Amino acid sequence: MGLDVGPGDFAENITTAGIDLLGLPVGTQMKIGNVEVEISQIGEECHTRCSIYYQAGDCIMPGEGIFVRVLKGGKVRKGDDIEVFKF
């Protein structure tokens with residue numbers, strides 16, 4: 001949309017590449033490094049028109065990004081592999 005944004009600009013905790021996160025259903029379990037997570041929500045309802053809405057003319061939150069709950073904690077490091085193991 002022509003925005004100059006980078007990792008973390010949308011308050012995301014983890015930025016990924018090479019995996020179709022939005023194609024995975026809620027309940028999918030993944031391993032990131034040694035951490036196990038489960039997709040609990042895809043997207044988020046936009047309740048207010050934030051600065052990104054005013055810059056882009058649209059809100060990306062309803063259709064982009066996922067939320068997960070941690071099943072097994074640990075440390076996630078830059079470059080860790082992501083393995084989908086249950087969906």
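Nothing in this text is a laboratory measurement; each read-out follows from the coordinates by a stated rule. No experiment lies behind these values; they were computed from the predicted model shown. FYI the Cβ positions are ideal-geometry reconstructions off the backbone, even for glycines, and counts take in every protein chain you see.
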Once the Cβ-Cβ distance between Asp20 and Gln55 is put in as r, and R0 is 25 Å, what FRET efficiency do you end up with, to the nearest 0.05? 0.45
Modelling each spin label as a point 7 Å along the Cα-to-Cβ direction, I'd like the Lys86/Glu12 distance in nm, to one decimal. 2.5
